[in-house]
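Down below is the structure, laid out as structure tokens.
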Amino acid sequence: MTQFRTWMLAATIAGSSALAATGAEAQGKSLTLCWAAWDPANALVELSKDFTAKTNIAMKFEFVPWPNFADRMLNELNSKGKLCDLIIGDSQWIGGSAENKHYVKLNDFFAKEGIKIDDFMPATVTGYAEWPKNTPNYWALPAMGDALGWTYRKDWFSRPELQAEFKAKYNRELAAPKSQTELKQIAEFFQGRDIDGKKVYGAAIFTERGSEGITMGVANALYPFGFKYEDPKKPYAMAGFVNSEDAVKGLEFYKSLYKCCTPPGYSNAYMQEGLDAFKSGQAALQMNWFAFFPGLYKDPNVGGDRIGFFVNPPEKEKGSQLGGQGLSVVAYSPNQAEALSYVKWFASLDVQKKWWELGGYTCHKGVLNDPGFAKSAPFAADFLVAMGQVVDFWAEPSYAQLLQAEQARVHDYVVAEKGTAKQALDLLIQDWTKVFKEDGKF
């Protein structure tokens, strides 16, 4: 799922608004771009200085902390407000924003300006830009690629005494896991272990109930075990897919990982808790978004040679939870012409190259397919692999109801010890069926 993420981030932009002031502002020619407050937003402020220099259009930025981002921006759109000329919004918003005419449809603009949507990774086009899905109707330009991956304590893994003990127990090297089963074995190996006089734990994973955390975390286990949202041949037909035998195994696996191998008091954890656990030296493994990996690599305590990265490993199939967002022009903006000029500028290959260099995650094939990309950052090669196997949550206009239902059902099972995995998934199908019936999908 892309970021409805009501994240508790270590954002350096703490408040609501950041202004890149130029002389153009005095002339009244400016745009406001709305996004969440986090490190990539800082990179976008820096990048956008080039747009102002080129066009003499001042850029203002309304950055809202992740815990409030969805409510704040969806309220703005639903009220037809004019605060945002541009918005980098969650992929789940595409369906509702298209059908409610919150976003400008970009097909004609792309054609007129020679912007080729095929220049962007297919998964990001489907995830961030299209509605209806798998049709050539575009409401955003892929802006911030992201997926759910993993970090690990490479320095701990490399210790000879731990390597020897692990190999004696599992008959393989202590290294980044190649399956979900191997991942759990590593987590069990480190759980409760003493390292440098400190008790450590196996894995920091997502369990948060209030927004989307546990749904995102569970997805990273469900997809590899074979979970599907619906029958590929019959949309919205969920029986036998959402609650398949493989899906049940995936949910049972996630609960077992939570029970065996997480830090104490980890019953309502999402991104920030994971970052805290990893940065403080508590966790051997950490599930989190690639968007955080540049900052983690720079961390003075756990970064550099101490940290390693890996793609969410398969079990029966490959699969990683999609993150990231698209850049859209708000239909209520009085400055649509200028906003479209920003989209055109942002879509160019040179700008996309700089976006990656500054810490944004480009979706442009011209950057990602460059022979040197995989070695351009310690996590770049893994990012490429992850973006080739991503799956997204429902992007329906009613996605918030669909999300709330899964949050409740899987948290009840994984954390609150209510019922079985099969019962949780059966009830989830009932919940989702009710929503889709109300939407007239059946």
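What to note about this one:
- For GLN92, nonlocal amide neighbours, meaning residues 5 or more places apart or on other chains whose placed amide H falls under 5 Å from its own, are THR2, PHE4.
- In terms of distances greater than 23 angstrom between alpha carbons, the cross-link table entries LYS116/LYS233; LYS184/LYS255; LYS228/LYS249; LYS255/LYS316; LYS169/LYS259 yield LYS116/LYS233.
- Value at 222 nm in deg cm²/dmol, rounded to 500, when DSSP H runs of n ≥ 4 in the chain each add -39,500 (n - 2.57): -13000 deg cm²/dmol
- Taking Cα atoms only, the orientation of helix 39-55 departs from the longest principal axis of the chain by about 20 degrees.
- Rg and Dmax of segment 323-368, based on Cα coordinates, read 12.0, 35 Å.
- Solitary cysteines of the chain, where the nearest other Cys Cβ is not under 4.7 Å: CYS363
- Amide hydrogen neighbours beyond the local backbone of ALA143, cut-off 5 Å, H modeled: GLN325, GLY326, LEU327
- Less than 5 angstrom separates the built amide H of ILE195 from those of VAL200, all sequence-distant by 5 or more or on a different chain.
- Diffusion coefficient (Stokes-Einstein, Kirkwood radius over C-alpha pairs, 37 °C, 0.692 mPa s) for segment 87-167: 215 µm²/s, rounded to a whole number.
- Applying 1/(1 + (r/R0)^6) with R0 = 22 Å to the Cβ-Cβ distance of LYS418 and CYS260 gives a FRET efficiency near 0.70.
- Base-10 log of normalised Debye intensity for segment 145-225 (one unit scatterer per alpha-carbon) at q = 0.11, 0.19 Å⁻¹: -0.35, -0.92
- Relative contact order, percent, the chain [alpha-carbon distance under 8 Å, six or more residues apart]: 24 percent
- Each residue of segment 176-193 was assigned a 3J(HN,Hα) from its phi angle through the Karplus curve 6.51 cos²θ - 1.76 cosθ + 1.60 (θ = phi - 60°); the sequence is 3, x, 9, 8, 5, 4, 5, 4, 5, 4, 5, 4, 5, 4, 8, 4, x, 6 Hz, with glycine and proline shown as x.
- Among 333-346, 220-233, the order from most to least packed when residues are scored by Cβ within 10 Å on average: 220-233, 333-346
- Length-normalised contact order of segment 29-113 in % [C-alpha pairs under 8 Å, at least 6 apart]: 36 percent
- Cα-based shape type of segment 315-442, given that a ≥ b ≥ c are square roots of the gyration tensor eigenvalues and the cut on a/c is 1.5: oblate
- Overall, the accessible surface of segment 343-420 at a probe of 1.4 angstrom is composed of carbon and sulfur to the extent of 53 percent.
- Of the peptides 73-80, 99-106, the order by per-residue mean of other Cβ atoms within 10 Å, starting with the highest, comes out as 99-106, 73-80.
- Near LEU47, once Lys and Arg are set to +1 and Asp and Glu to -1 for all other residues with Cβ below 10 Å from its Cβ, the sum equals -1.
- Fraction of accessible area attributable to carbon and sulfur, segment 116-250 (%, probe 1.4 Å): 51 percent
- For segment 43-179, Kirkwood radius (reciprocal of mean inverse C-alpha pair distance, Å): 18.8 Å
- Mean projection of the Cα convex hull over all viewing directions, computed for segment 189-303: 8.5 nm².
- Residue by residue, segment 344-359 carries 3J(HN,Hα) couplings of 4, 5, 5, 6, 6, 4, 4, 5, 5, 4, 5, 4, 5, 4, 7, x Hz when phi is fed to the Karplus relation 6.51 cos²θ - 1.76 cosθ + 1.60 (θ = phi - 60°); x denotes Gly or Pro.
- 1.4 Å probe accessible area per residue over the chain, in Å²: 39 Å²
- Dimensions (Å) - segment 327-396, Cα atoms, principal axes, largest first: 43, 33, 17
- Backbone HN-Hα couplings from phi across segment 362-370 [Karplus 6.51/-1.76/1.60, Hz, Gly and Pro as x]: 5, 10, 7, 4, x, 8, 5, 8, 4
The values are calculated or read from the model by the stated rules, or taken from the named source; none is laboratory data. None of the values given here were measured: they were computed from a predicted structure. Because the Cβ atoms are built from the backbone with ideal geometry, glycine has one as well, and the counts that use them run over all protein chains shown. SASA here: full protein model, heavy atoms, side chains in, ligands and nucleic acids out. Shrake-Rupley method; radii C 1.70, N 1.55, O 1.52, S 1.80 Å.
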